[in-house]
Amino acid sequence: MILDTLNPSTMAKSGYLGPATILEIDEADGKRVRLECPDEFPWAQVALFHAYEPVVGDVVLAISNCGVWYVIGLLQGTGTTTFTAPGNIEFHAPNGKIDFLAGKQISLKSEQVEILANNLELTANKVFQRFCDVTQWIKNALHQRIGRLSTAVEEDYHLTAERITEQAEGDVKVQGKMIHLN
């Protein structure tokens, strides 16, 4: 009997369970879609647990019985899925890890973002940072390995240290209207 449900000639009699392509979305509702099924173009109610926004061209799993159609699965989609909660959302993996993977971009937007870690590793080909104010507090040591360094300071530059050691293999130039060595 299950094999008969996939046969288009028996769809009207016994129902349908199989893939369908979304052709149109009911703009008034957003949860009703017109499907392209074998030999039929029915309207179906989206009955997915997660908050998926259908997109024309997506391939879904459709089911029908007595002319009533539902979308019960997503086989190939490009629409947005939105998770909304009135309070907090937590992800827990006490014995594993959590991966967020995106083909194009990941964005975090919040009034405050806090990252707590014993070890934090950032790897990127390019980094662009834009801040109004930055304060760094480093308890032990800051080590940097830089291919080339260029620093432009628009106003005052202050450096205070117990000891300063600078080394250059080539020339050292110090330019200024007045240079005070004390």
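If I build a Gaussian network model for the chain, linking alpha-carbon pairs within less than 10 angstrom, which residue out of 140, 95, 125 has the largest mean-square fluctuation? Largest GNM mean-square fluctuation: 140.
Based on C-alpha pairs under 8 angstrom that are at least 6 apart in sequence, the chain has a relative contact order of 13 percent. Of all stretches in the chain that contain no trypsin sites (Lys or Arg not before Pro) in a DSSP loop with at most 16 other Cβ atoms within 10 Å, the longest one is 32-96.
A straight Cα-to-Cα reach below 22 Å connects residue 126 with the lysines 104, 109, residues fewer than 8 places away in its own chain not being considered. Comparing mean-square fluctuations of 160, 81, 135 from a GNM of the chain with C-alpha springs under 10 Å, the top value falls on 160.
Only the coordinates and a few stated rules stand behind these numbers; no lab work does. As the structure is a computational prediction, the values presented were derived from the model and not from experiment. Backbone-built Cβ (ideal geometry, glycine too); neighbour counts: all protein chains shown.
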